[in-house]
1. Would you list Phe100, Phe135 from fewest to most Cβ contacts within 10 Å?
2. When Rg and Dmax of the Cα atoms in Å is calculated directly from the model, which label among (1) 18.0, 57; (2) 19.8, 68; (3) 17.7, 52 fits?
3. Express in whole angstrom the spacing between the alpha-carbon centres of region 121-172 and region 10-65.
4. Can you pull out the trypsin sites (Lys or Arg not before Pro) in region 1-92 that DSSP calls coil and that have at most 13 other Cβ atoms within 10 Å?
5. Using the 10 angstrom Cβ neighbour count as an exposure proxy, how do Asp32, Asp27, Asp154, Asp110 rank, fewest first?
6. Ignoring everything except DSSP H segments at least 4 long, calculate the 222 nm mean residue ellipticity for the chain; use -39,500 (n - 2.57) per segment, divide by total residues, nearest 500.
7. Can you compute the charge dipole magnitude of the chain about its Cα centre, using +1 on each Lys and Arg Cβ and -1 on each Asp and Glu Cβ, nothing else charged? Give it in debye, rounded to the nearest 20.
8. What is the distance, in nm, between label points placed 7 Å from the Cα along the Cα-to-Cβ direction at Thr49 and at Leu167?
Amino acid sequence: MDTKATARVEAFSDGVFAIAITLLILDIKVPDLPHGTANRALFQALRATWPSLLAFGISFATLLIMWVNHHGLFHLLETVDRRALFANGLLLLLVTFVPFPTAVLARYIDQEAANVAAALYCGTYVCICLAYNIFWYTVASRRWLLRAHISPRDIRRIRNAYLIAFLIYLVATLVALLSPFAGIAMCSSLWLLWARLNYGPQEEGGNIHAHAPPRP
C-alpha cells in the first residue's frame with residue numbers, strides 16, 4: 001500500500017485548505033475612525049461590518065466541512081495516480097477561489113447587486129461540488145485506487161450524495177438570482193449532508209459494520 005503517496009497529497013491539500021480559510025479573515029477590516037471617537041460611533045461602525053462577518057462565518061464553516069469530507073475521501077484511498085492528482089488539483093484550485101466570492105458577497109449582500117453576488121457565491125460551490133464529483137469518479141472508476149474493504153454499495157452511496165448536492169447547489173444558484181438570502185440559506189443547508197456523510201462501509205440496513213483501518 002503506497003501510503004506515502006496519499007499522505008503527501010493529503011498534506012499538500014491540507015495546506016491549501018488552511019491558506020484558503022486563513023485568507024477569509026482578510027476581508028474583515030477594523031473601522032477607520034478619527035481619534036477620540038465615542039463608544040456609540042465605534043459600536044455603529046462595528047455593527048456595519050455584519051455583511052463581512054456573515055460571509056466569513058458561512059465560508060469558514062463550509063470550507064471546514066469540505067476539508068473534513070476531503071479527509072474522509074483520502075481514508076478510502078489505497079494510492080493515487082496522475083489522474084487522481086490532477087482531479088485533486090482541480091478541486092484545490094476552486095477551493096483557493098472561495099475568498100473572492102466571499103469578499104464580493106460581503107461587499108454587496110446589503111445592496112441592490114446582492115442577487116448577482118449571492119449567485120456568484122452559490123455558483124462557486126456548484127463548481128467545487130462538480131470537482132468533488134470528478135475526483136470521486138476518477139478514483140472510483142479505477143478500483144485499484146480504493147482500499148479493498150470499499151464495496152460497490154459504498155461507492156454508489158457516496159456518488160449519489162455528491163450528485164444530489166450538485167443539483168441542490170445548482171438550484172440554490174438560480175434561487176439566489178431571485179432571493180439572495182434564500183439562495184445562501186439553501187446553499188448552507190448542505191452542511192447537514194456533508195456533516196453526516198459517512199465514508200465508512202455500511203451494511204444493507206445502513207448500520208456500520210466496519211471502519212476504515214487507521215492511517216499509519
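Since every read-out is calculated from the coordinates, none of them should be taken as a lab result. Keep in mind that what you see is a predicted model, and the values were worked out from it rather than measured. So basically every Cβ, Gly included, is an ideal-geometry build from the backbone, and we count neighbours across all protein chains shown.
1. Listed from fewest to most nearby Cβ atoms, that is Phe100, Phe135.
2. (2)
3. Using only Cα atoms, the two centres lie 30 Å from each other.
4. Sites meeting the loop and neighbour criteria: Lys29.
5. Exposure proxy ranking, most exposed first: Asp32, Asp110, Asp154, Asp27.
6. -23000 deg cm²/dmol
7. Details: 17 positive and 12 negative charges, 72 e Å.
Magnitude of the dipole: close to 340 debye.
8. Placing both labels 7 Å along Cα→Cβ, they lie 4.2 nm apart.
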